Structure formats: C-alpha cells, structure tokens
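These notes are about the structure you will find just below.
The values are calculated or read from the model by the stated rules, or taken from the named source; none is laboratory data. In this text, all values refer to a predicted model and were calculated from it rather than measured experimentally. Methodologically, a virtual Cβ is constructed for each residue, glycine included, from the backbone with ideal geometry; neighbour enumeration extends over all protein chains shown. These accessible areas exclude ligands, DNA and RNA; they are computed on the full protein's heavy atoms, side chains included. Shrake-Rupley method; radii C 1.70, N 1.55, O 1.52, S 1.80 Å.
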Amino acid sequence: MKSIQRRLLLMLLVFILLPYFLSIFIIYGYTKNSVEHHELENSREQIDKNSKELEQYVDEIVNLPYILYRDPDLFRIFTNDTDDSSYLEKSLENYYLMRDEMRQVRFYMDQQQESFTVYNAMVSARKANPELLEQEGIRQLDQTSEKYVIEPPHEIENYNDAAIVPESDDTMVMTFHHKVTDVLSNEFLGIISMDVDLDGLAQIGNSLTQYTNESVLIVNEENQVMYANDSHLLGKPLPSNIEEQMNSTDGGAGEDILLSSTLSGTLKDWKIVKITPSEILFQDVRRTAYTNIFVGLGVGVLGLIMISLISYRITDPIKRLTNKVQTIEAGNMTSPFEESRQDEIGYLEKHMKDMMDRINSHIDREYKLEIENKENQFRALKSQVNPHFLFNALQSIGAVAIRSKAPDVYQLVTSLSKMMRYSIQANEWVLVRDEVNYIEAYLTLQMERFRNQVNYSIDISECILSKKIPSMILQPLVENFFKHSYEEGFHDAHLGIYGEIQQGCIILSVKNNGPSLSDHDLYNLRENIYKPQYEEHNEHIGLKNIHERLVLNYGEEAGLTVGTNGGNGFLVELVIPMEGRLTQQPS
C-alpha cells in the first residue's frame, strides 16, 4: 500500500521548491538596476492588489451556486421532490440576471438526467442529457471530491441545441462547472455550468498595464491561458518562451521583464503574469541579489522543516485509523475509538464507533429475537390443544374408571390431568416445587407403563423449592432419561434429580447410570448445544433450547453443562444465578 505521508511530503516539497526558485527569479529581476527598482516595486504592489481582486472576483462566481441552498423550493427540484415549472423558470431567470457577465447557464439534474439552459434571461425546454457526465472536465468533477471545475476560455456553446442561442454568438467565455450535492447526505444531485464572459478578467488585467507594449496573462495550474491581451492566446497552453522565461533564474539585458504572482484560495496555483519590454525599465546598472538569494535559501530550509511537521501531523492520525480498521477486518468488533478529536478524523472515528455499536446491538437483538421466536413457537404448540375438550374427556374417563372400580386407572388419569394443567396453564415463571410436582406426575405415568420398574430419587432442599425458575426446564431432561435408557433396554438404570446452592447459584442436576457417551460423541453434543443461534441443526434441540433460555433470562453466567457422570451414565447440570440478570421479571 502506498504511503500517504510520502506522497504528501513529495507534493508539499514541489509546492515549496517551485515558489522558492520563482522567488529567486523575481528578486533577481527586481535588482537588475536602480532605475528599474522603483517601477518593479510599484508593479508588484499592483499585481498583489489585482491578485486579491481577481481572487475575490472568482470567489464570487464560484460561490454563486450556493445561493440555491438558501432556496429550499428550488433545491427540492434537484432532489426530484417537486416539479413546479413556473417557479423553476422564474428562479433560473433571476439566477441568470444576478451577474452582468453571465452569458449562459445550464442546470443539470442527475436524478432525471435532464438539463435546462438559460440564455439572455430565457429558459430553454427541458432535455435529456445522460451523456453529460462523460464529458472531459465534468467527468473529473463527478469522480472526485472537487466542488467545482473551471474550464479554459472557449467560444460559447449551444447547450442542448437550444433555439434561444443564436449561431452568430461567438463570444469567448470561461465556464464554471459547479457540483450540487445534498448537504446532509453528500449525495450528488447535479451540475450547474455557468458561461462567463472575459470582461471581468479583462478589467482586472488591463489595470496592470501602464505602457502600450506591456501585456498581462492569467494562467491556471495547468499553464493554460485564461486571459491575455492577445485574444489568440485564450484557452491555449502558455507559450513556451514565456514559460521558459518564468522558469529561468536570470534575465539579461535585451530580455523582457516578466513579473508573476501565484494566487491562492479558489485560484490556488494560478498566476498573474505581467510582461514589460526591457527597454522601458532597464536604464541603469543592475543591483546584486546575493542577499536576497540567501534569504530565499533560509526560507527554503524553513519550508522543508514546515512540510515535514505538516505531513506528520496530517498522516499520523490517518495511519492510526487505518490500523483500527484492519483490526475490525480481523474480527475484533470492540476496537477502541478516540472521541476527543474535533477535526475530520475525530468525526470519522466517532461515526465508525457509532456504526460498530449499532452492528453489535443488531447482533444482540437478532439473538434475542431468535430465542423469543422459539418461545412463541413453544407457546403456539401448547395452545393448539383445546384444554376444555381434554379436561372434559379426562373427567369422563376418570368417572368410568370409578364406576368400573379401577382406582389405578383413575390415579393415572388424575396424574395426566395434573400434567396437562401445568403444561397449559403454567406461567413462564414457576416455583421449583411446581416443576417437581409436574415431574412426579410424569413419573407416575411412566411407572405404570414400565410396571413399577422405574428407579428414581428426588432430593431438592426446601429453600430451592420456593425459588422461581422458567417453566419446563427439568421435564425434558427426565423425558430424555426414558428415551435413551428405558426405551433402549436399560431397565435397571437409576434416575437422580438433585438441587443445591453453590457460590450463590442454584445447581439442578439430572443424572443416570444408564448408557454413556464416547468422548467424540460428548464433544459433538456440546458443539450442537453451544453452537451460535444462526447455525441451524436438528439434533439435541431440547438441550439447546434449555441452555439458550437460561442465558437469555440470567445472562452468560447461567447455562447448561453435560457430562458422562464419571464414565458411567449421563449427567446434566443447570446453573442458575440467584442474583443474576433477568431479562423478564418473575410474576
């Protein structure tokens, strides 16, 4: 990756060294002779004055389109929010009439890929212009962060082939292409192209001339002539002889005296060049310029020190921000960002931090929504059974059992009825005692099924029985015991359900001495239970559901662990913090 610091350092060196050598040339020219000195001083002061006037003049033209941002109705036309043609035409006419030197204005709207043309205070019809952004200069404006581009002088063009522009108009104009963007989103909306005649530049340039043979040129950063006394030079590259004289470090007798000033601000790196015939000013001996040369060398050294400091202060925070982005690419979603800076880098860091917070929040929210969805599915399955029909049916069966003198059948129906009432009517939060009663009813049915050959024990302290927990978190574990032990022929297996308090947590254990798991199977089981919620699977969904419910309600300290009970059977432990975080309060 290319270093921004090296490129910035090289660019600043060029901009410092070039003015340095140019200053030597100017100073040496000023010291050619005593007679010339006074005239050169006057000329320089006037050039500086006219440079400011030129910068101010161009600033006014460049900043003219910002008036649109103060007219919300007109600005909404660019965003395609409204289509008031009469208001648009009136606004465009007023915009055109704001400057006397305005010859033609084109308004291009990117969303519609259409443009209007205003000429002589007349608005042309709207016309599709999709190829506009492909034109040279405008393409550069669209693809970069530049806000405007100034096109060198050329004959006025008939934009959109509008009939309002006569073919006889061959005025030389300089075109300002201004990009229109949305202030809030920085979205590209369109381009305003303004054709401005050269009268304003001519007035500023001609005020520099005192003699008939003097000439003035205004050139841009690419050494293209933006204005000259000689109209044949307009829009063309700077003549090589003038460019060579500007770049030379000495000028002997018989050569024209050339004075130039580098502009700043909007016209950065533009130059005003004044050429005076030597015979007008060279009438005395030349002065030495050694002292000024040494001063120039000192300025150059100071400039090198300055650009070194500037390049470091600009690029160092960019490097740090790049390193943070690379850590995010590597998967670190909690990379720290600095919020104390008040510049553009601080703005970027603040918004990158906000973006990462939103992403992390979105991931957390999606996880909770997934768990909530599973809970809704669970409740929907329970609600599919009509409780009134079932209870009525169970009561009828119980009555038949009593009439038939079959108390065992009646007891089984009663146990089943208790289980149905618990599973259907239980709230999301229940007492541990209610969960144990539900399991005992379930075991009663299973004992009848397996002819009282079920070996089990329940040992939970009274202080735990009065605690509230999410419903239906122990019964699936008991059901797994019968599925993987009794139904597979391990009728001598013993089921144990225990509860105790350890280090501020309730530990509920369900274990058996039936079939066990190999290390490989145990590893796969844990992988399925703790697998991220977005990775779907079909195995061990009951264990995973219990684990995710505990984590959702109590936080990361809660959860479910599985083991092989010392290699003899199977063990499941539920860890529930007594003072843990609750996402839903027990009712």
The ³J(HN,Hα) series, computed from each phi in segment 186-198 with the Karplus coefficients 6.51, -1.76 and 1.60 at θ = phi - 60°, rounded to the nearest Hz and given as x for glycine or proline, is 6, 6, 6, 10, x, 9, 10, 10, 10, 8, 10, 6, 8
With bins of 5 Å, the percent of all Cα-Cα pairs of segment 93-181 per bin from 0 is 3, 13, 23, 26, 23, 10, 2, 0
Restrict the search to segment 437-466; then list the chymotrypsin sites (Phe, Trp or Tyr not before Pro) that DSSP places in a loop and that have at most 16 other Cβ atoms within 10 Å of their Cβ.
-> PHE450
For TRP270, what charge total do you get from the other residues with a beta carbon under 12 Å from its beta carbon, if Lys and Arg give +1 and Asp and Glu give -1?
-> -2
Find the centroid of the Cα atoms in segment 432-498 and in segment 153-203, then give the distance between the two in whole Å.
-> 86 Å
Pairs beyond 24 Å (Cα-Cα), from LYS179/LYS353; LYS483/LYS511; LYS90/LYS268; LYS350/LYS531; LYS353/LYS544; LYS468/LYS511 = LYS179/LYS353; LYS90/LYS268; LYS350/LYS531; LYS353/LYS544
At each listed q (0.24, 0.26 Å⁻¹), what is the log10 of I(q)/I(0) that the Debye formula gives for segment 185-238 modelled as equal alpha-carbon point scatterers?
-> -0.97, -1.06
Ordered by number, the GluC sites (Glu not before Pro) in segment 475-533 that occupy a DSSP loop and have at most 15 other Cβ atoms within 10 Å are GLU487, GLU488
The long-range amide H neighbours of LYS127, using H built 1.01 Å from N in the peptide plane and a cut-off of under 5 Å, are SER115
Quick one: which residues, 5+ away or cross-chain, put their amide H under 5 Å from the amide H of TYR148? H built at 1.01 Å from N.
-> LYS179
Under 5 Å, built H, 5+ apart or other chain: amide partners of TYR227 | ILE218
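Pop out the carbon and sulfur fraction of the accessible area of segment 46-201 as a percent, whole number, probe 1.4 Å.
Values: 3340 of 7600 Å².
Summing carbon and sulfur atoms, their accessible area is 44 percent of the total for segment 46-201.
Based on the Cα coordinates of segment 100-245, what is the per residue volume of their convex hull in Å³? Don't jump to the answer; show the numbers that get you there.
Details: hull volume 21.1 nm³, N = 146.
With only Cα atoms used, segment 100-245 gives 144 Å³ per residue.
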Pick out, in residue order, every one of the GluC sites (Glu not before Pro) in segment 205-251 that is DSSP loop and has at most 15 other C-beta atoms within 10 Å; say none if there are none.
-> GLU221, GLU222
At each listed q (0.16, 0.19 Å⁻¹), what is the log10 of I(q)/I(0) that the Debye formula gives for segment 131-216 modelled as equal alpha-carbon point scatterers?
-> -0.79, -0.95
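Which net charge results when you count Lys and Arg as +1 and Asp and Glu as -1 among the other residues whose beta-carbon is under 12 Å from that of ASP48? Write down the numbers at each step before the final one.
Values: positive: ARG44, LYS49, LYS52, LYS274; negative: GLU41, GLU45, GLU53, GLU55.
Neighbourhood net charge equals 0.
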